[in-house]
1. For a 19 Å ceiling on Cα separation, which of these pairs sit above it: Lys68/Lys195; Lys108/Lys213; Lys107/Lys166; Lys61/Lys203; Lys27/Lys93?
2. So how strong a dipole does the range 2-256 carry about its Cα centre when Lys and Arg Cβ are +1 and Asp and Glu Cβ are -1, to the nearest 20 debye?
3. Taking the convex hull of the alpha carbon atoms in the range 4-141, what volume per residue do you get, in Å³?
4. How many nm separate the modelled label positions at Asn18 and Arg251, each set 7 Å beyond the Cα in the direction of the Cβ?
5. Sorted from fewest to most neighbouring beta carbons within 10 Å, what does the list Ile209, Ile162 look like?
6. From the backbone phi of the range 22-37, what are the Karplus-calculated ³J(HN,Hα) couplings (6.51 cos²θ - 1.76 cosθ + 1.60, θ = phi - 60°) in whole Hz, Gly and Pro given as x?
7. Going highest first, how would you order 235-242, 95-102 by mean Cβ packing within 10 Å?
8. Can you tell me the mean projection area, over all orientations, of the convex hull of the range 107-216's alpha carbons? Units nm², please.
Amino acid sequence: MNNEINVLSKKLAKAFNNDTLIAPLPKKYCKNTKNANKLRIAAEKLIKSPIIGFKAGATGKAMLKKWKEKEPFYAAIFKKNLLKSNAKVKCSKNTFGIELEVYYTIKKNILQSKSRLTENNIGHYIESMGSCIELVGYRQRKKGVTCLGDLTADFGCNVKFIIGKKLKYKKLKFNSLSSQLFNKKSKQMVNGNTKVVYDSPLKSLIWLINKLKKDEININKNFYVFTGSTVGVVPILKKGLFEGQIKSLGRVKATIS
């Protein structure tokens, strides 16, 4: 199996580095979450772009329950996938949706912290926060998501992250902030709320940091954390300008072509 993981991870990494597509992964690496995670880790080590942060994925508890999974997954985020608001992004035929989420920038010393992280003290490690649009899709020629491993193995299915203005961190009711994603061309509007993100983006953040510490992950600079979608995965009915807004966290825009 290790030899097969090496072969598949090289194919995945090549697709990621070159923005191309590969044949679908064997189902055994998707149905088994541990195997999917091994494949993700192996592939991430082969990416040329620097790691600038991490994402929590599958943070909707209803979906986790449906898949009979106990917790979300996380994946590394690379510099080549980070853009600022008003960016233009080209999607492939295997891009299956767009999400709106909360992001934080985190001080690197949080990973050396010995204290137990809580919603009350994690603010000491948060530099800034804001709204973010995430474009999601496979590096594989396949459709649909049937299990957690489908997302995990393929770099968390993150294609691009478009971040809005960075705001200074302050305590908000992160478990009840309304959100809205709007497509100007199609008039498609989807409403959401931060409460669907693992009950709160802050709880999602704490979960992810604890996983990084458990896995002994270190990063030598401050980093981003993307906490999960407030609106689910929204299908792209028509290309064009998408605008997202999360209450108290501002707006973010991206033109999808």
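1. Checking Cα-Cα distances, Lys68/Lys195; Lys27/Lys93 exceed 19 Å.
2. Value, rounded to 20: 360 debye.
3. So the per-residue hull volume is 149 Å³.
4. 4.0
5. Final ranking by Cβ density, sparse to dense: Ile209, Ile162.
6. Those phi angles translate into 10, 5, x, 5, x, 4, 5, 8, 9, 5, 9, 4, 5, 5, 4, 5 Hz.
7. Highest-to-lowest ranking by the protection proxy: 95-102, 235-242.
8. Projected over every direction and averaged, the Cα hull of the range 107-216 covers 9.0 nm².
Bear in mind that the values in this text are calculations on the coordinates, not laboratory data. Given the structure is predicted, the values throughout are model-derived calculations rather than measurements. So basically every Cβ, Gly included, is an ideal-geometry build from the backbone, and we count neighbours across all protein chains shown.
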